[in-house]
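Report on one structure; see the data block that follows.
The values are calculated or read from the model by the stated rules, or taken from the named source; none is laboratory data. Since the model is a prediction, treat every value here as computed from it, not as a measurement. Here the Cβ positions follow ideal geometry from the backbone for every residue, glycine too, while neighbour counts run over all protein chains shown.
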Amino acid sequence: MNFLAHFYLAGQDPAWIVGHFLADHIRGSKFEGLPEGIIKGIRHHREVDVFTDNHPAHKEARDLIRPVMGRYSGVVVDVLYDHFLAKSWDLHHPEPLELFSNRIYQILQTSRHLEGKPTWVLQHMEAQNWLCLYREISGIDRVMRGMHKRVGGENSMDKSADVLVQEYQTLEATFQAFWPELQLFAEESRAQLLQ
């Protein structure tokens, strides 16, 4: 899953939210100096990723777009799933997406554990309001064109919005099959990590 889903699944604890954000920037178990809550957030993020990568609906979505997206199909599906979550946000979360997004940005801004690349990512995420931008296909297009440039080399991520439009119903169906099971898994994983 991408940023929006990870922040949703992190729950209300600011430390877990920071952990979910940092998880992709920390290799292995280099947790020195991090509080226990952030470490648990990192572990939770990683468990969510493993569940996601092994879920049949996510695999179906990856296989569907692989002819265009190639090895980046998993990354693209994660972002496209954030679109479906953002689009139906009011059905999933009691807090409006705009307020949720602003709260997440505030939590990350005030964390003293962000430095280097995560700080740069946060600046761009907040300046362009990625979390709300995911709601519109034009927002997905903008985000994915930015990723296309940052990754460089041979990639087709700039065509992600086109793929979303062409395969919209099938991709949305895989999301609808996947999301409730991911939520349940995330709750169980959180409970185990809190023991």
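Here are some notes:
- Region 124-169, subset small (G, A, S) and exposed (fewer than 14 other Cβ atoms within 10 Å of the Cβ), residue farthest from P67 (Cα to Cα): A127
- Every listed requirement among (1) at positive phi; (2) within 14 Å of the chain's Cα centre (by Cα) is met by G70 save one, (2).
- Selection status of A191, over 16 Å from the mean Cα position of the chain (by Cα) and either modelled with pLDDT of 95 or more or surrounded by 15 or more Cβ atoms within 10 Å (Cβ to Cβ) (or both): yes
- Taking the criterion of being part of a helix (DSSP H, G or I) and in contact with a Lys or Arg (Cβ under 8 Å, 6 or more places away or on another chain), the residues of region 113-140 that qualify are Q128, L133.
- The residue pairs whose first member lies in region 99-111 and is closer than 13 Å to L122 by Cβ, whose second member is of a type in the set (S, T, N, Q) and assigned to a loop (DSSP other than H, G, I, E, B), and whose beta carbons are closer than 7 Å, counting only pairs six or more residues apart or on different chains, are S101/N129.
- The single residue among I26, I42 that is over 14 Å from the mean Cα position of the chain (by Cα), under 18 Å from T119 (Cα atoms) and of a type outside the set (S, T, N, Q) turns out to be I26.
- When the residues of region 1-46 are filtered to those that are of a type in the set (F, W, Y) and in contact (Cβ under 8 Å) with a residue 24 or more places away in the chain, the one that is nearest to S73 (Cα to Cα) is F3.
- Against the list (1) among the polar types (S, T, N, Q); (2) assigned to a loop (DSSP other than H, G, I, E, B); (3) within 19 Å of L4 (Cβ to Cβ), the condition N155 fails is (3).
- Region 80-106, subset touching a Phe, Trp or Tyr at 6+ places or on another chain (Cβ under 6 Å) and within 17 Å of A57 (Cβ to Cβ), residue surrounded by the fewest Cβ atoms within 10 Å (Cβ to Cβ): F84
- Filtering region 110-122 for residues that are surrounded by 13 or more Cβ atoms within 10 Å (Cβ to Cβ), modelled with pLDDT of 95 or more and either under 21 Å from M157 (Cα atoms) or polar (S, T, N, Q) (or both) leaves an empty set.
- Annotation note: Cβ proximity below 6 Å between a residue of region 132-150 that is modelled with pLDDT of 95 or more and a residue that is of a type in the set (S, T, N, Q) (sequence gap 6+ or interchain) occurs for C132/S101.
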